[in-house]
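Asker: My questions all concern the structure below.
The values are calculated or read from the model by the stated rules, or taken from the named source; none is laboratory data. Note that the coordinates shown come from a computational prediction; the quantities given were computed from them, not determined experimentally. A quick note on method: Cβ atoms are made from the backbone with ideal geometry, for glycine too, and the neighbour counts reach across all protein chains shown. Heavy atoms of the whole protein, side chains included, go into the accessibility calculation; ligands, DNA and RNA do not. Shrake-Rupley method; radii C 1.70, N 1.55, O 1.52, S 1.80 Å.
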Amino acid sequence: MSTESATVGEDVPGTERATVTENATATESPDTQADGTTPANPAGDGRPSVSRTFRRAGFAVLVVLALAATATAAVFGVQLRDAKAVESAAREASDIARQYAVTLTSVGADLESDFAAVLDGATGDFEKMYAESSEQLRQLLIDNQAQAEGVVVESGIKSATPTKVEVLLFIDQSVTNALVPEPRLDRSRVVMTMELVDGRWLASQVDLP
């Protein structure tokens, strides 16, 4: 009798432990994986995953770098274009200045043609000054039977912009007149300011420094 009572009243070995284990398993976080680790971003918590955040940050960095590269390229492009414009202006103005220096320092028998050529290549203050003094200069050349021939020995650019260029010129001028029939060589240094006016390079100022 005692043996049967004990058998009926005892719990089956392991039953309690199994129940506890099942309850523990049921109360574990649904986010716990089979290996006991927790995902970086549990589904449904409303926060972006770490990997997604890194991807977004990387994309933003690439966008910034691309914009910076585009801006830098644009600046360099403008600077290169401006540099080429100045270089072209300096070359063209220098060529015209050399030709004009010969016109300015050469005087032959046809004074009217010589003076007209000088005025045609001038502008601004220099044109005004030469026009005002041309009559007096013409009479002086006639009275002295003077003739001259100028040659540009060397030239260089003093300063330049796309529309205004200063040209330094070294000029040899051979001069004859009634008192000195043998040619006399005069050497001078001239700074000629050339300005772009209606598509033409014209001398706006001529200085003898």
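Asker: Averaged per residue, what accessible surface does region 71-209 expose to a 1.4 Å probe, in Å²? Could the numbers behind the result be given before it?
Answerer: Details: 8470 Å² over 139 residues.
Spelled out: the 1.4 Å probe surface of region 71-209, per residue, equals 61 Å².
Asker: From the C-alpha coordinates alone, can you work out the Kirkwood hydrodynamic radius of region 85-174, in Å?
Answerer: Value: 14.2 Å, from the Cα pair sum.
Asker: What accessible area, in Å² to the nearest ten, does a 1.4 Å probe give for Glu149?
Answerer: 120
Asker: Moving on. Would you tally the net charge around Thr123, using a Cβ to Cβ cut-off of less than 13 Å, leaving Thr123 out, and scoring K and R as +1, D and E as -1?
Answerer: Summing Lys/Arg as +1 and Asp/Glu as -1 gives -2.
Asker: Here's another thing I want to ask about it. Order 98-105, 177-184, 121-128 from most to least packed using the mean count of other Cβ atoms within 10 Å.
Answerer: 98-105, 121-128, 177-184
Asker: Further question on the same structure: How much of the accessible area of region 98-139, probe 1.4 Å, is carbon plus sulfur, in whole percent?
Answerer: 51
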